[in-house]
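Trainee: Structure below; questions to follow.
The values are calculated or read from the model by the stated rules, or taken from the named source; none is laboratory data. These numbers come from a predicted model, not from an experiment. All Cβ positions, glycine included, derive from the backbone under ideal geometry; neighbour counts span all protein chains shown. Each accessible area value is taken on the protein alone, full model and side chains, heavy atoms only, with ligands, DNA and RNA left out. Shrake-Rupley method; radii C 1.70, N 1.55, O 1.52, S 1.80 Å.
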Amino acid sequence: MNKCHSNTELSSHEGTRCQFNGGTGVIKLGIDVHQDFYVVVEQVEGSNPKPPQRFQKQAFLHWAAKLRSQSAEVYAVYEACGFGFTLQRNLSALSIHCYVVCPQKLDEQNKRVKTDGLDAKALCLKLDRFVQGNRAALAIVRVPSEAEEQKRAIHRQREQLVKARKQLEAQGRSLMVNHGIEPVQSWWKPRAFAALPVPQWMKELLANSQPILVALQQKIASLTIQLQSSATPKQPRGLGLMTSVIIDREIGDWRRFSNRRQIGSYTGLCPGEYSSGNTRLQSCVTKHGNPRLRAALVELAWRLVRFQPNYKPIVKWRQILATGALATGAARKKAIVAVARQLAVDLWRIKTGRLRAEELGLIN
């Protein structure tokens, strides 16, 4: 092995074979998370990080518990990933300060060398700077409560079912088009499928998907009713029961934002910027934040153009957004993004009691 990378070798520690540190200072742990194991780099006080260690899940929790019992404070960090926040909750239960951060490029020197050990070490060094007081060292992700995760899982599953239904429906239309037959919209619905003008062999193929599509639609309808029934009553006109539930559950806690800039940034609807010297260039929106929230806000903004004509941002952009306005598609998109961004801020003001909907031009 090349000498310059010899410190990235993993030392395997399983169960009772773990070596426990007997120090009593502050310990920092950088964790690279995988499905079946964790790669961990440990740093004691301000010393150099130790070589990376590889743990099975339960073995790591056992090691971390003993580490916490022998140390004054233990801090840990890992990147947000598809494995959720279970590790953060498990470590917090052990009185370990665990942070979840945004996924990022950890090869800051662009050496084009990436290993689990190097990633864990980079996270550990960032955590060390954070603990020392540099709050900009980590881009921390808010960890939702288990109740919040359970609630938002409902509309996210509905979204997945709608996507699956559209894919199967499109496959059926594609089969018709490929054989020169005019496609039928919603061909899978019982009445339309019974009268479908296609050859018998094609109908037999479509019959493989048709019951699945019907069942998917039934599940989607059931989830829709469940979500709409949980919406806050007396919403402003045009807000929509489903949209209001999605926005509320994706936000979680409106009071976690202390100013309008924070809520605007979370939506990802703020313009990007590249400025240097006397040059200032603003680009398209950053899309940094919650994509489901962003989609719901843009959809809602288009609906408010019709149902809330006196809403202040709608009045401001009316010449571009009005039906028949002489504006390009790009101009209309920019205008609706501006409305959606302001809408997020105004919803935050309403939900936190800073303003009433009527003061913003929203009517019931």
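Trainee: Which Rg and Dmax, in Å, describe the Cα atoms of region 156-293?
Mentor: Answer for region 156-293, Rg first and Dmax second: 22.1, 70 Å.
Trainee: In region 36-178, carbon and sulfur make up what percent of the accessible area (probe 1.4 Å)?
Mentor: On the way: 3620 of 7590 Å².
The computed percentage sits at 48.
Trainee: Classify region 213-252 as rounded, prolate or oblate from the Cα gyration tensor: take a ≥ b ≥ c as the square roots of its eigenvalues, call it rounded if a/c is under 1.5, otherwise prolate when a/b beats b/c and oblate if not.
Mentor: Prolate, because a/c is 1.5 or more and a/b exceeds b/c.
Trainee: Next question, about the same structure. Can you compute the modelled spin-label distance between residue 47 and residue 192, with each label point 7 Å from Cα toward Cβ, in nm?
Mentor: Rounded to a tenth, the inter-label distance reads 6.9 nm.
Trainee: By how many nm would the segment from residue 140 to residue 179 grow when fully extended, if each residue of separation counts as 0.36 nm and the alpha-carbon distance is taken off?
Mentor: 8.7 nm
Trainee: Normalising by the residue count of the chain, find the relative contact order in percent from Cα pairs under 8 Å and 6+ residues apart. Write out the running numbers ahead of the final one.
Mentor: Details: 474 pairs, mean separation 38.8, N = 364.
11 percent.
Trainee: A follow-up question, please. Between region 283-316 and region 239-253, what is the C-alpha centre distance in whole Å?
Mentor: 14
Trainee: Residue farthest toward the positive end of the dipole of region 191-339, with Cβ of Lys/Arg at +1 and Asp/Glu at -1: which of 243, 293, 323?
Mentor: Projecting each Cα onto the dipole axis, the largest value belongs to 323.
Trainee: Using only alpha-carbon positions, what ratio does the radius of gyration of region 220-364 give when scaled by 2.2 N^0.38 Å?
Mentor: Numbers: Rg = 16.0 Å, N = 145, 2.2 N^0.38 = 14.6 Å.
Rounded to two decimals, the normalised Rg is 1.10.
Trainee: What is the sum of charges, Lys and Arg at +1 and Asp and Glu at -1, for the other residues whose Cβ falls under 15 Å from the Cβ of residue 101? Walk me through the numbers before you get to the answer.
Mentor: Working: positive: 28, 105, 121, 126, 129, 135, 142; negative: 32, 79, 108, 119, 128.
Net local charge, residue 101 excluded: +2.
Trainee: Now for a different question. Taking the Cβ of residue 195 as the center, what net charge do the other residues with Cβ under 15 Å away carry, scoring Lys and Arg +1 and Asp and Glu -1? Intermediate values should be presented prior to the final figure.
Mentor: On the way: positive: 189, 191, 203; negative: 182.
Summing Lys and Arg as +1 and Asp and Glu as -1 gives +2.
Trainee: Can you compute the charge dipole magnitude of the chain about its Cα centre, using +1 on each Lys and Arg Cβ and -1 on each Asp and Glu Cβ, nothing else charged? Give it in debye, rounded to the nearest 20.
Mentor: Numbers: 54 positive and 28 negative charges, 276 e Å.
The calculated dipole for the chain is roughly 1320 debye.
Trainee: Evaluate the charge dipole of region 225-265 about its Cα centre and quote only its size in Debye, nearest 20, assuming +1 on the Cβ of each Lys and Arg and -1 on the Cβ of each Asp and Glu.
Mentor: On the way: 7 positive and 3 negative charges, 43 e Å.
Here region 225-265 has a charge dipole of around 200 debye.
Trainee: Once you put a point 7 Å from the Cα of residue 72 and another 7 Å from the Cα of residue 104, both along the Cβ direction, what distance in nm separates them?
Mentor: 2.6
Trainee: What percentages make up the Cα-Cα pair-distance distribution of the chain when the bins are 20 Å wide from 0?
Mentor: Bins of 20 Å from zero give 22, 41, 32, 5 percent of pairs.
Trainee: What net charge is computed for the residues neighbouring residue 155, neighbours being all others with C-beta under 14 Å from the C-beta of residue 155, Lys and Arg scored +1, Asp and Glu -1?
Mentor: Values: positive: 151, 152, 156, 158, 163, 219, 249, 292; negative: 148, 149, 159, 248, 250, 299.
Taking every Cβ under 14 Å from that of residue 155, the sum is +2.
Trainee: Quick one: if you stick a label point 7 Å off each Cα along the C-beta vector at residue 129 and residue 312, how many nm between them?
Mentor: 3.9
Trainee: Continuing with this model, one more query. So how do 86, 243, 323 rank on accessible area, 1.4 Å probe, biggest first, that is with the largest at the start?
Mentor: Numbers: 86 80, 243 15, 323 145 Å².
Ranked list, largest accessible area first: 323, 86, 243.
Trainee: Residues of region 193-223 with backbone nitrogen within less than 17 Å of a virtual label 7 Å along the Cα-to-Cβ line of residue 157, please, listed as ranges.
Mentor: 215-223
Trainee: If you don't mind, another one. How many percent of all Cα-Cα pairs in region 185-265 sit more than 22 Å apart? Walk me through the numbers before you get to the answer.
Mentor: Values: 1731 of 3240 pairs.
Tail of the P(r) past 22 Å holds 53 percent of the pairs.
Trainee: OK, next. Taking the Cα centre as origin and putting +1 on Lys and Arg beta-carbons and -1 on Asp and Glu beta-carbons, what dipole magnitude results for region 263-358, to the nearest 20 debye? Provide the component values of the computation, followed by the final result.
Mentor: Working: 17 positive and 4 negative charges, 28 e Å.
Value, rounded to 20: 140 debye.
Trainee: What are the extents of the Cα atoms of region 32-177 along their three principal axes, listed from largest to smallest and rounded to whole Å?
Mentor: 67, 39, 30 Å, listed from the longest principal axis down.
Trainee: Let me ask you something else. Please give the residues of region 272-291, grouped as numeric ranges, whose backbone N is less than 12 Å from a label point set 7 Å along the Cα-to-Cβ vector of residue 333.
Mentor: Those under the cut-off are 284-285.
Trainee: Same structure again: When the Cα centres of region 161-224 and region 84-153 are compared, how far apart do they sit, in Å?
Mentor: 44
Trainee: Using only alpha carbon pairs under 8 Å that are at least six residues apart, calculate the relative contact order of region 241-364 and give it in whole percent. Can you show the working numbers first?
Mentor: On the way: 135 pairs, mean separation 32.5, N = 124.
Reported relative contact order: 26 percent.
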